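The structure appears below as structure tokens.
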Amino acid sequence: MPPLTFDIVDILIKAAQLILALVILVTVHEFGHYIFARIFGVKVNRFFLFFNPWFSILRYDPMKGTLEFIAPGQREDGSWPKPVASWKVGKTHQPRPDGKPTWRDTIYGLGWLPLGGYCAIAGMVDETQDSSKLASEPQSWELRSKPAWQRLCVMVAGVVLNFVLAICIYVGIAAHWGDDVVPYQAMTEGLDFSPEMQAAGFRNGDILQSLDGKPLEATDYSIAWNMIQPGARVGVLRNGETVEIGISDSLLRSIISKGKDYLPMKVRVPVYVAKVVPGEAAAKAGIEPRDRIVAVGSDTVPSIGEFMPSLQAHKGSTVPVRVLRGDSSLVMPVAVSDGGKIGIQMLSPVEIFDRTRIEYNILQAIPRGWQIGTERLATYVSSLKLIFTKEGAQSLGGFGTLGDMFPASWSWYAFWQITAFLSIILAFMNIIPIPALDGGYILFLLVEIVTRRKPSDKFLEVANTIGFFFLLALLLYANGNDIYRLLLK
């Protein structure tokens, strides 16, 4: 096994981006529950970013007007240990005479365990409160005393706000950055395909044209995923002729099994010279900037993928190199070094291919943001079926996988793109009908609305406990996959 190497700066930058994204996503999600609870006159006992078992990093009590640092939790006898530090930041207030809850009835805090957050709503059986604490008669300011449709709104609100947040981020991205893409038709040398893709019928050099009969748009972020779905029909241009490839059920699973960093296809980049190193072989032979190298010896090299191996095959020897310069085709002898180099710097793809720049004003950015958000949601939902396959289960990841989604250097564009996608994931995952998730509560509420029979608090407590341990096991499994891949793969 090769030795493990870590770049601590890269890790810290990725971790900082992940934590900032979690702060935004968790706050928005819990605020959805909070604001709708307040709209319907429900008291919210606590609103916490991150979990706070045993103690809180910060705790703000508006009623007392105090802000506490490293504040321990309540003892079993009801007493509160002293925090490490406490400051008086506001006036002391009393509850309203009519008993109606206000924002001051909520204790706001920052926990130390960044696995999520919570909004402790009065009269609700959840991870912060069991059924034994609800033995008394329901109070008007408790969630359990509200009509089922209001309770449903409170539970759905977190998911809805996460999806709205994703749409808003995509709208902002479109308005600020627009789209800067290379149309597939402009990729003149086509693409290189992995062995799995070639087995499915693709050939290196194919130029993508259509998907299920519709022209491919480079602004569609989901194309790479959609074109490997079972039953998809992909049209390509091959040697001047259009060929349609049908995708089998096995292609998606075989690609997923290769891991998250596996690229099933990549652009074939022509070999254009950006610079020649003075005194090196290419300069001595007469190669100039903007020349395109098309052959090394008897090897045709339409792209960098063929060019580099060809140089390695001819290292230490002098070979004829054919270049295109304007309308001329020139052949010149070039000495290849023992390291397989000739002393050139190549143009990057963005300098070679014709790019399309699309700018949006705010009115145009709104439908574009909606389009991206809904496409990303549809793509993510379609991918969930893979969880129930061996390859999909092995590809599950935890916080390490989430952190690796972010680049090693800070990029606001990448940060907002990834944060928006994580917001979609959080929204959908929370709507899955598993007890302890919002979807579990929503399912029980829908059953109550249909049957007009409310589940008992004890039943909800048991269901939530089962759901909690299931989610804990899933969390351990996903993070265990991260550790396995890091140490053994």
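The values are calculated or read from the model by the stated rules, or taken from the named source; none is laboratory data. This is a predicted model, so every value here is computed, not measured. Reconstructed Cβ throughout: ideal geometry from the backbone, glycine too, with neighbour counts over all protein chains shown. Please note that ligands, DNA and RNA were not included when accessible areas were found on the heavy atoms of the full protein model with its side chains. Shrake-Rupley method; radii C 1.70, N 1.55, O 1.52, S 1.80 Å.
Summary table
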item	result
Unit charges on C-beta of K, R, D, E only; dipole of the chain, Debye	1100 debye
Net charge of Cβ neighbours under 12 Å - reference Val84; Lys, Arg +1; Asp, Glu -1	+1
Residue-normalised accessible area of the stretch 136-251, expressed per residue, 1.4 Å probe, Å²	44 Å²
Asp220-Arg253 pseudo-label distance in nm [points 7 Å out on the Cα-to-Cβ vector]	2.6 nm
For peptides 417-425, 187-195, sequence by mean Cβ density within 10 Å, most packed first	417-425, 187-195
Above-threshold pairs, the threshold being 32 Å between Cα atoms, out of Lys214/Lys266; Lys82/Lys454; Lys214/Lys258; Lys64/Lys146	Lys82/Lys454
Value at 222 nm in deg cm²/dmol, rounded to 500, when DSSP H runs of n ≥ 4 in the chain each add -39,500 (n - 2.57)	-13000 deg cm²/dmol
Thr451 versus Arg357: modelled label distance in nm, points set 7 Å from Cα along the beta carbon direction	6.1 nm
Cleavage-rule hits (trypsin sites (Lys or Arg not before Pro)) in the stretch 401-459: DSSP loop, at most 11 neighbouring Cβ within 10 angstrom	Arg452, Arg453
Lys14 accessible area, 1.4 Å probe, all protein chains in place, Å² to nearest 10	50 Å²
Per residue solvent-accessible surface (Å²) - the stretch 291-385, probe of 1.4 Å	54 Å²
Apportionment of accessible area to carbon and sulfur, the chain, percent (1.4 Å)	62 percent
